[in-house]
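Okay, here's the structure, questions in a sec.
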């Protein structure tokens, strides 16, 4: 891996301890919390995901989901929020190394945003599978309805992916 000082002539930040030293666990957690704050401040989509997550968990509790079902929803929510934070870090890094208009940089951002979309869609499908039997007690029918809804979402996603090329990828298919 190249040191930061070799990327486009930028200077590496000073390291007060000389060579990289291991941080304490407390310092690492403080840095991680700072990163979450940066993501929340910079990304309205992350704030929206957090609000939706709160509503989903409150709705799940109101629908009397079991502890395991709430834990599954919380895990899916954690994956979506993690994907959004990774997307934010990729966007920040892309802006740092490619400040101009470069279609390749746009493609990098589009792909990382696509990862968030896939994680979000998967979380919605999982939420439907978990919650639908509680909302619609006819479990066998509800299970089939959830499977049909999930399949429909995948079909719509595939059609949208085929028919809507972005400017960042040159509007064509893969090379």
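The values are calculated or read from the model by the stated rules, or taken from the named source; none is laboratory data. Note that the coordinates shown come from a computational prediction; the quantities given were computed from them, not determined experimentally. As a convention, Cβ positions derive from the backbone with ideal geometry for all residues, glycine included, and neighbour counts pool all protein chains shown.
Could you tell me whether residue 65 is surrounded by 12 or more Cβ atoms within 10 Å (Cβ to Cβ), in contact (Cβ under 8 Å) with a residue 40 or more places away in the chain and either over 21 Å from the mean Cα position of the chain (by Cα) or on the phi > 0 side of the Ramachandran plot (or both)?
Working: surrounded by 12 or more Cβ atoms within 10 Å (Cβ to Cβ): yes; in contact (Cβ under 8 Å) with a residue 40 or more places away in the chain: yes; either over 21 Å from the mean Cα position of the chain (by Cα) or on the phi > 0 side of the Ramachandran plot (or both): yes.
When the stated conditions are applied, residue 65 passes them.
Taking the residues in the stretch 116-175 that are exposed (fewer than 11 other Cβ atoms within 10 Å of the Cβ) and within 22 Å of residue 68 (Cα to Cα) as candidates, determine which candidate is modelled with the highest pLDDT.
Filtering first and then ranking leaves 135.
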